[in-house]
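Notes follow once the structure below has been shown.
We did not get these values from a lab; they are worked out from the coordinates using the rules stated. Owing to the predicted nature of the structure, the values given are computational and were not obtained by experimental measurement. So basically every Cβ, Gly included, is an ideal-geometry build from the backbone, and we count neighbours across all protein chains shown.
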Amino acid sequence: MDKIYENKFCRLAITYIFNICLFLGTISYVCALRTAPGEVIYLEGLEPVCIHCNNWQPPRSYHCLLCNKCVLKMDHHCLWISNCVGLYNYKYFCLLSLYAFIGGSIFLAEFYYVYFTDMSIVKSWDRLFKGLGFILTILVPSMIFNTIQNISNIISNTTLPESIKGVEGFNLLNCLRRYKATYNAYNLGWVHNVEKVLGKGFLIWFIPWNTSKVNGYEYLTTPSKRETIPVNTKQEGKYMEEVMKKYKIEDIDYDELAKIQ
Ligand SMILES: [Zn+2]
Ligand SMILES: [Zn+2]
């Protein structure tokens, strides 16, 4: 740690990384807070119907008791952003968790390095700064679990409620109990799964800008357990063809598919 602290290049690099995390983390926070997570449009005569709001419930949507509405591809209701995390703000929430974790870890490393090596500086710190350090000491370790869970959900194309229910993927709670994983029909392979949430192109993954084209009412599923016919955009059609190729499925009726498109 001494060497890192005294090396000018390392200090500069760490300062840059910290400031980038602070900048992108703040934007992600504002976007996660201000973006509507995905309200279900009201339609009559469709099933299943939500027992709380009597609206129909598209696949992967859940009713949030705090917001009192059904949310598309709902993950959870987050008290930190006072908003549901769903289809349209999930990327922002994941980036917020990631940047808060990296930025918080850098802050803590430096905080405790100075705390244990230079008391003269520590004495000059005011209470607010010390308090911030100790609060982050509790928060940052818990962010590790949150970040791992988010990354796992993105890679396996699951949501938090699905992973708790035991859909194939990873859930921290499920690591502690015995359960039989159920088939994850939404898993299209990790590259497609990641692109569905974070967008296309490696660099765009880390920018708080949502480019995902998923409509939230129908989802591509792997053909062996297809629950919906999900193709209603050209882009989705392209994905579908690739998935069919990957799973060597030939039973799709392209004329039927064209009608739906
Ligand atoms: Zn509802
Ligand atoms: Zn909510």
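General remarks:
- Residue within the range 57-74 that is away from ligand 1 (no atom under 16 Å from the Cβ) and surrounded by fewer than 20 Cβ atoms within 10 Å (Cβ to Cβ) present: no
- Y115 meets the conditions (1) assigned to a helix (DSSP H, G or I); (2) within 26 Å of the chain's Cα centre (by Cα); (3) not β-branched (V, I, T) in every case but one. The failed one is (2).
- The strands (runs of 3 or more DSSP E) falling completely within the range 33-102 that include 1 or more residues that are touching a residue at least 40 places away in the same chain (Cβ under 8 Å) and either touching a strand residue (DSSP E or B) at 6+ places or on another chain (Cβ under 6 Å) or within 12 Å of ligand 2 (Cβ to nearest atom) (or both) map to 62-64, 76-78, 83-85.
- Residue ID - surrounded by the most Cβ atoms within 10 Å (Cβ to Cβ), chosen from residues in the range 24-56 that are among the β-branched types (V, I, T) and more than 9 Å from ligand 1 (Cβ to nearest atom): T35
- Taking the range 75-95 as the range and being more than 12 Å from ligand 1 (Cβ to nearest atom), out of contact with any helix residue (DSSP H, G or I) (no Cβ under 8 Å at 6 or more places or on another chain) and closer than 24 Å to L220 by Cβ as the test, the residues that pass are G86, L87, Y88.
- Only one of the numbered conditions (1) under 21 Å from L22 (Cβ atoms); (2) surrounded by 15 or more Cβ atoms within 10 Å (Cβ to Cβ) is violated by K130, and that is (2).
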